[in-house]
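The values are calculated or read from the model by the stated rules, or taken from the named source; none is laboratory data. This structure is a prediction, so every number in the text was calculated from the model and none was measured. We place every Cβ from the backbone using ideal geometry, glycine too, and count neighbours over all the protein chains shown.
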Amino acid sequence: MVNRIVVGAHYGLKDWIAQRATAVVMAVYTALIVAVILVARPADFEAWRAIFAHGFIKFASFLFALSLFYHAWIGMRDLWMDYIKPTGLRLALHVLTILALVGYAGWAASILWRL
Amino acid sequence: MTKRTVQFSIYRYDPDKDERPYMQDISVELDSTDRKLLDALTKLKALDDGISYRRSCREGVCGSDAMNINGKNGLACLTDIDSLKQPIVLRPLPGLPVIRDLIVDMTQFFKQYHSIKPYLINNDPAPERERLQSPEDREELNGLYECILCACCSTSCPSFWWNPDKFVGPAGLLAAYRFLADTRDQATNERLDNLEDPYRLFRCHTIMNCVDVCPKGLNPTKAIGKIKEMMVKRAI
């Protein structure tokens with residue numbers, strides 16, 4: 001194959017919007033969880049557990065985790081795009097990043113709903 | 001102001017003679033009328049005629065004498081000598097191949113500029129005199145058309161350093177928005193299609209080095225934001 005510079009993948013806008021939307025979710029969750037902790041003042045493990053056993057907090061925490069992983073995906077992909085030039089290696093790193101993040105999402109769910 | 005001596009440290013590299021680039025320490029006596037860095041470079045050239053740099057209009061219009069001055073890109077002809085800390089360190093624009101001393105190969109930069117089709121696309125038959133715009137529509141082009149393509153912005157942008165072959169860069173994107181914003185242009189969709197790409201447009205992470213260095217006081221980051229806004233409007 002000839003080695004020509006090829007661009008024009010026609011994506012990026014959705015990721016750009018998603019990066020901003022997920023950042024908002026994370027910011028709102030951070031404010032919320034800080035407020036909850038300040039109000040509840042959990043002193044021991046049981047109190048912490050009680051906070052996260054609450055259905056809404058579970059839901060919000062999981063949403064936060066998903067936002068974090070999607071945000072991290074875009075950021076990591078950008079890193080690989082900037083610094084890793086060989087296409088094969090970059091593709092491998094993309095796949096590994098996706099696998100790791102999907103795994104983390106499952107792990108987050110299992111932690112939250114095991115409580 | 002009286003005569004004064006100014007210290008310089010200048011990047012020198014002549015690929016025909018030098019194995020690798022080196023910094024040359026040199027000082028020059030300036031007259032009271034020498035106010036801009038380019039005046040000092042002219043005096044330096046008289047001392048050592050091997051020192052190579054580009055220059056033309058000497059008044060910030062042609063964009064030839066862009067260089068890295070004390071670590072920040074700028075035009076030699078617009079920079080006051082007395083505002084600079086000595087020794088004044090002069091290097092070529094970062095990120096582009098050096099041809100000799102302060103002269104860089106701008107091919108990549110202009111390739112990106114050409115890729116956004118920097119001309120009006122309008123398929124209607126040309127009117128007898130000119131294509132008119134309302135004063136309000138014309139207003140939108142202010143802060144865009146003034147770009148002199150000196151490359152100070154693109155060569156201060158890390159995204160352009162890492163992907164100069166794929167990322168259009170702040171100068172090219174400012175020019176792209178100049179035509180997207182032009183009500184006489186009819187190729188808005190094609191232009192947006194051309195830019196909707198993770199490399200070409202979305203390598204910009206809004207760090208605003210471009211705004212910081214632009215010798216004409218333009219704001220490529222704002223223009224890039226408006227391109228993204230147009231894309232959002234088109235897609236959502």
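Here is how the numbers come out for the structure above:
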quantity	calculated
Unique residue being among the polar types (S, T, N, Q) and touching a strand residue (DSSP E or B) at 6+ places or on another chain (Cβ under 9 Å) when the list is B:Thr5, B:Thr42, B:Thr33	B:Thr5
Residue in segment B:173-189 that is buried (at least 19 other Cβ atoms within 10 Å of the Cβ), under 26 Å from A:Met76 (Cα atoms), within 14 Å of chain A (Cβ to nearest Cβ) and modelled with pLDDT of 95 or more present	yes
Residue in segment A:60-75 that is within 14 Å of another protein chain (Cβ to nearest Cβ), among the aliphatic types (A, V, I, L, M) and touching a residue at least 24 places away in the same chain (Cβ under 8 Å) present	yes
Test: residue in segment A:77-89 that is away from chain B (no Cβ under 13 Å), farther than 30 Å from B:Thr206 by Cβ and over 15 Å from the mean Cα position of the chain (by Cα)	yes
Residue list for segment A:1-20, restricted to those being exposed (fewer than 13 other Cβ atoms within 10 Å of the Cβ), among the hydrophobic types (A, V, I, L, M, F, W, C) and closer than 26 Å to A:Leu68 by Cβ	A:Ala9
Test for B:Pro215: is it surrounded by 17 or more Cβ atoms within 10 Å (Cβ to Cβ), away from chain A (no Cβ under 14 Å) and not basic (Lys, Arg)	yes
Test set (1) surrounded by fewer than 19 Cβ atoms within 10 Å (Cβ to Cβ); (2) within 19 Å of the chain's Cα centre (by Cα) - B:Asp82 fails condition number	(2)
Residue check for A:Ala65: part of a helix (DSSP H, G or I), within 24 Å of A:Ala100 (Cα to Cα) and not β-branched (Val, Ile, Thr)	yes
Segment A:1-58, subset under 28 Å from B:Gly169 (Cα atoms) and more than 14 Å from chain B (Cβ to nearest Cβ), residue nearest to the chain's Cα centre (by Cα)	A:Thr22
Residue match in segment B:137-146 (condition: more than 14 Å from chain A (Cβ to nearest Cβ), part of a loop (DSSP other than H, G, I, E, B), among the hydrophobic types (A, V, I, L, M, F, W, C) and crowded, with 20+ Cβ neighbours inside 10 Å)	yes
Residue match in segment A:34-54 (condition: in a loop (DSSP other than H, G, I, E, B) and either closer than 30 Å to B:Ile116 by Cα or in contact (Cβ under 8 Å) with a residue 60 or more places away in the chain (or both))	no
Hits in segment B:51-78 - residues which are touching a residue at least 40 places away in the same chain (Cβ under 8 Å) and more than 15 Å from the chain's Cα centre (by Cα)	B:Ile51, B:Ser52, B:Tyr53
Selection status of B:Ala151, touching a Phe, Trp or Tyr at 6+ places or on another chain (Cβ under 9 Å), assigned to a helix (DSSP H, G or I) and either more than 14 Å from every other protein chain (Cβ to nearest Cβ) or in contact (Cβ under 8 Å) with a residue 12 or more places away in the chain (or both)	no
Qualifying residue in segment B:11-34 (condition: among the charged types (D, E, K, R), part of a loop (DSSP other than H, G, I, E, B) and buried (at least 16 other Cβ atoms within 10 Å of the Cβ))	yes
Where B:Lys233 falls short, out of the listed (1) touching a residue at least 12 places away in the same chain (Cβ under 8 Å); (2) within 13 Å of another protein chain (Cβ to nearest Cβ)	(1)
